[in-house]
1. Take the conditions touching a strand residue (DSSP E or B) at 6+ places or on another chain (Cβ under 7 Å) and modelled with pLDDT of 80 or more and apply them to PHE39. Does it pass?
2. Anything in segment 35-69 that is among the β-branched types (Val, Ile, Thr) and assigned to a loop (DSSP other than H, G, I, E, B)? List them, or say none.
3. Using the structure shown, decide if LEU20 is in contact with a helix residue (DSSP H, G or I) (Cβ under 7 Å, 6 or more places away or on another chain), modelled with pLDDT of 75 or more, part of a strand (DSSP E or B) and surrounded by 12 or more Cβ atoms within 10 Å (Cβ to Cβ).
Amino acid sequence: MSTSWTYASKFSKEGLVFRLTMKNFMIYNHETIWPGPNFNVTVGPNGSGKSTIVTALSVSLGGDISSLHRQADVLSLVNHVAEPDMEALVEHS
C-alpha cells in the first residue's frame, strides 16, 4: 500500500458490501439486502425506502449523517417500535 494517500483514500477503503441488514431502522422493521458485485439499482415510488437504504449504508459504515442532508441526528432514524440494529457485511480488497 502506498504511503502517498489522496484525500479520498485517507477516509475510505475500496471494498464490497455483501449484505445490509436493517432492524427497526426508519421505515424498515426487519429487512436484509444482498447487493450484487457489480452495478446495483434501487427503484420504487416515493416513500418506499430507497433513501433509507443509502442512509443505512452511510451510517453503518461510519459516515457523517449531516452529509445526507435529511435527518438532524441518529435518533431520528430509529423506528421507535423496538431497539434499532444495523449491520453491513463488507470485505475490503
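1. On the way: touching a strand residue (DSSP E or B) at 6+ places or on another chain (Cβ under 7 Å): no; modelled with pLDDT of 80 or more: yes.
Answer is no for this residue.
2. Initial filter on segment 35-69 (among the β-branched types (Val, Ile, Thr)): 41-43, 52-55, 59, 65.
Listed by number, the residues that qualify are VAL41, THR42, VAL43.
3. Yes; evaluated as a whole, the condition is true for this residue.
The values are calculated or read from the model by the stated rules, or taken from the named source; none is laboratory data. Note that the structure is a prediction, hence the values are computed from the model and not measured. Cβ sites come from the backbone with ideal geometry, for glycine too, and all protein chains shown count toward neighbours.
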